[in-house]
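This report concerns only the one structure given below.
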Amino acid sequence: MSDMLRKKNWHVWTLAAIVLVAFFVRIWDINDMLCFKMDQARDAAIIQNAFEQGPGYLPLLGPRAAGTFLRLGPVFYYFQYASAQITQSVEPVVMAYPDILFSILAIPLFFIFLSQMFTRRTSVILSGLFGLSFITVQYGRFAWNPNQTIFWSILFLLCVYKTAILKDRRKAGWWLVGAAASYGVLSQLHFIALLVFPIITLLFWIFYRPSKIKLMFWAGALAVLVVFYTPMMLSETITGFDNMNQFKYALTHKSKEFPLSDKIDQSLKLHGKYYSLFLTSYGNTENRHFVYIFYVMILFASWRGYRLWKETQSKEKRAFLVLIACLFLVFAFFYTKLAFTVLKPRFWLLIIVIPYIILGLFFEWIYRVGHKKRGYVIAGIITLLLFVGNTHAIGYWYWTITNQREGSGNVRDLVLKQNNLVSTEQITNAIDHMASRSSKTGKQVCYDTEGEYKSPYMYIFKLRYPSMPVKRAALAEDTNNACIFFSIKNGGASEEPDLPSSYEKYFHSIQKKQFGVVTVWEMWKDEDGVNKYIESRKQRHAQEKISENKEENLKEDNGDKKPRRKERVFWKDVLSGDYEE
């Protein structure tokens, strides 16, 4: 009986094994080798403040959209705050726990989603490849709001699909509420998700309307959305719709325009790159071969989807095909329009399911035309090649990260730009050295480093040495008597201190220490030279300010003035009514 049960549930055991392996791959050496840069430190500081002073210090809005003052919803911060409360810690790795969790949960969720269309065999194979994809592993190992979009986008698509195909009105209604909840989270993680997924849903519902769902469930779904958006609505009320004004400006303020032909060409390159990257761990926009592979994939998917539509009488499978077609077409339209904006992988995580579904269509087609055994062999070879490609990439990445502890090795240059990854371990070692020198000299630590690492050093320094004074080096204020100066270079080899070219000549190296790929120079400041430089810079800035004011006045006359940024609103401001701009 037990043997029969195991055979019947083989997919459950196999999936459990995949999840277990994927979990260990994601948490390998995570405490010391965590990626912790500017965005991560910025978010961690907000959570630390709320953790120490109470939930009233949680903000009503989330992280900023790149290059604007527009802010997402706060749900990402609330997940991190929950993690901090559960573990009673604000260590950097704690902030990554929600991302690790949802990265793992995405694997069985993807299996459930795929099972709506494919056999258990195909769904397990695709889920395994998905769970051990180089990209999903990388984005499952550090804290960043786009990382969770994989899980929530799949959950949203599954919920929307279920609302249309279930005959049980009550069950369909609960899936509708689930769609509202998953969208409430997803839309607060990425602005493109906020805009695009409702369009996909409405387009899908044109073909498969969830018309049998009772009104009470529609009301419940609306209520769920209201709950999720309450912090944002409160913020808008208090700030006079500041975020809405920032949103309007971001939509209407035109960046550099490109000809349609250039956008289409760029969009095709990006599609080719990321479809291949998700499946194989290889992809770039310079090699046209990836575009040709994309052409083949889309032509095959279109042909095979049409054939399945004609062959099957299953409403469920037809609806699945329509949903994926809507997903592809809507994103293809938007990503062509935004082809020179959506360059980074965080934008493409929203449609990571598509290349795997195309692969699933191929597998189930080859099973048929290959007379099962031959088809299984072909599918097995392809699966093995994809598995080897991704696991080799993961293994090589971890191997080179380990080498960097000794100050050597280059991480495979991929889209996350972690070829100069500086982990929390190396940052901590550098901080311990600076703290030791501060204690011996009795001077305050004043440091300078690359922009993306300024905040991480400050955050970790304050965690380890809360009572020790530390600050970023200020060119005008700090003196040699008050500060012990450090210049920090993160990643790569460098024989000279890495200071801004405008004032590097005013600092002189005393000694150098190496911690993996982190180099720390102790510096001496030429105070007379700095004072002269500051005076000349003041005069230059005065002239630049006049020019900037003229430009801003011209923009205002043309109705193109950028909205003034207002301060964040916190829950304590809502409860006390003491918010001041």
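Derivation of every value follows stated rules applied to the coordinates shown; laboratory data play no part. Values in this document were obtained by computation on a predicted structure and should not be read as measured data. We place every Cβ from the backbone using ideal geometry, glycine too, and count neighbours over all the protein chains shown.
Between the helical axis of 260-280 and the longest alpha-carbon principal axis of the chain there is an angle of about 80 degrees.
Rounded to the nearest 0.05, what FRET efficiency do Asn287 and Glu452 give with R0 = 41 Å and r taken as the Cβ-Cβ distance? Could you check? Don't skip to the answer; put the middle values down first.
Numbers: r = 28 Å, r/R0 = 0.69.
According to the calculation, E is roughly 0.90.
Absence of a disulfide-compatible partner, taken as no other cysteine beta carbon within less than 4.7 angstrom, is noted in the chain for Cys35, Cys159, Cys326. Relative to the longest principal axis of the Cα atoms of the chain, the long axis of helix 215-239 makes an angle of roughly 10 degrees.
Look at the dipole of segment 457-542 built from charges on Cβ: of Thr519, Tyr459, Leu499, the Cα furthest out on the positive end belongs to Tyr459.
Could you order peptides 461-470, 147-156 by the average number of other Cβ atoms within 10 Å of their residues, highest first? If you can, show how the numbers build up before the last one.
Details: 461-470: 14.0, 147-156: 25.2.
Per-residue Cβ counts within 10 Å, averaged per peptide and sorted highest first, yield 147-156, 461-470.
Among Thr519, Thr479, Thr119, the order by Cβ neighbours within 10 angstrom, fewest to most, reads Thr479, Thr119, Thr519. Computed about the Cα centre, the dipole magnitude for the chain is approximately 2940 debye when only Lys and Arg (+1) and Asp and Glu (-1) carry charge, each at its Cβ. Taking amide H as placed 1.01 Å from N in the peptide plane, the amide H of Met523 sits under 5 Å from that of Phe485, Phe486, Ser487, Ile510, each at least 5 places away or on another chain.
Using just its DSSP H runs of length 4 or more, each adding -39500 (n - 2.57), the chain gives a mean residue ellipticity at 222 nm of -21500 deg cm²/dmol after division by all residues. Could you tell me which of the pairs Lys167/Lys315; Lys37/Lys344; Lys443/Lys505; Lys273/Lys337 are separated by over 20 angstrom between their Cα atoms in the structure shown? Over 20 Å apart, Cα to Cα: Lys443/Lys505. Computed from Cα positions, the angle between helix 373-404 and the longest principal axis of the chain comes to roughly 10 degrees.
Ranking Arg71, Arg346, Arg170, Arg121 by Cβ neighbours within 10 Å, fewest first, what do you get? All intermediate terms of the calculation are to be shown ahead of the outcome.
Values: Arg71 23, Arg346 20, Arg170 13, Arg121 16.
Final ranking by Cβ density, sparse to dense: Arg170, Arg121, Arg346, Arg71.
Nearest 0.05, what FRET efficiency do Leu20 and Lys344 give at R0 = 35 Å with Cβ-Cβ as r? The value I calculate is 0.70.
Length gained on full extension, Phe387 to Trp399, computed as 0.36 nm times the residue gap minus the Cα-Cα distance: 2.5 nm.
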